[in-house]
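Values quoted throughout were computed directly from the atomic coordinates according to the rules given, and no laboratory measurement underlies them. Computed from a predicted structure; not experimentally measured. We place every Cβ from the backbone using ideal geometry, glycine too, and count neighbours over all the protein chains shown.
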Amino acid sequence: MGEVTISFGLELGDEISAWIRDYAERAGISTLVVGVSGGIDSAVTSTLCAKTGLHTIVLNLPIHQAPDQYDLSNRQIDWLKSDWDNVESRLVDLSGTFDSLMQELRDEGLSDLAMANSRARLRMITLYAIASSTNGIVVGTGNKVEDFGVGFFTKYGDGGVDISPLADLYKTEVKALAESLGIIEEIRSAAPTDGLWNDGRTDEEQLGATYAELEWAMAEIDDPSAGELTERQHQVMQIYRRFKQENAHKMNPIPVFKRQSLL
């Protein structure tokens, strides 16, 4: 079973890398820009970009980052550079920039969520500054549950990208792909976290459910199975529906007023 999974993963990885390269070439793009957080999604995305052979800029963008996240990001970047000559790395410490912004807004009563989202948006600005200076595009790292299930991303933050190579893959599929690509085990086994909170809270702590549970809920809504749900399944389904409703504004197109008559 393991060999089949790895074989499938390698084929899928090659297919995604070819898709990225084809999109870039058709658009006249010469550079791929990826933020590497130390998590599995960005590790897989950056590896798939490296495999295209195109100039790939990978960035570590710490903002008062936990040491383990910072180190895993650097380990992924070092591994990429050791295996692919087309990979360039950059370190941009945004801690001072974030602190300056928070100081300017000190009297505005910002919520903890607003401050966390500001971190993601500062990173987006940095990625686009690099991309627009290198004839590049920003490559997203979100998976299917995050991008189209519960909307677990920052609007105009990590949700601000040009292409999304993993957005049709469940987290469990990303994990299988990571194994086939040879992503270091510490990244593959690390608890998923968005790295936006000083207390180091994990994705599961924020969501109240594991990715596997949310994948089940997403599939169950699209194709309900027979039989009654367990108590935990009811809980997970409620969690999924709540996040999907609350975050619909992130996942749906921006509402546009349509006038009824011409002036």
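With a ≥ b ≥ c taken as the square roots of the eigenvalues of the C-alpha gyration tensor of the chain, please select rounded if a/c is under 1.5 and otherwise prolate if a/b is larger than b/c or oblate if it is not? Taking the square roots of the gyration eigenvalues as a ≥ b ≥ c, the chain is rounded. The GNM of the chain, with springs linking C-alpha atoms under 10 angstrom apart, assigns the highest mean-square fluctuation among 176, 191, 219 to 219.
Descending by average beta-carbon neighbour count within 10 Å, the peptides 10-21, 94-105, 43-54 line up as 43-54, 10-21, 94-105, the highest first. Each peptide in 241-250, 132-141 was scored by the mean count of other Cβ atoms within 10 Å over its residues; highest first, the order is 132-141, 241-250. Near residue 17, once Lys and Arg are set to +1 and Asp and Glu to -1 for all other residues with Cβ below 14 Å from its Cβ, the sum equals -4.
The alpha carbon centroids of the range 15-87 and the range 158-237 are separated by 20 Å. Averaged over residues, the count of other Cβ atoms within 10 Å places the peptides 106-113, 205-212 in the sequence 205-212, 106-113, highest first.
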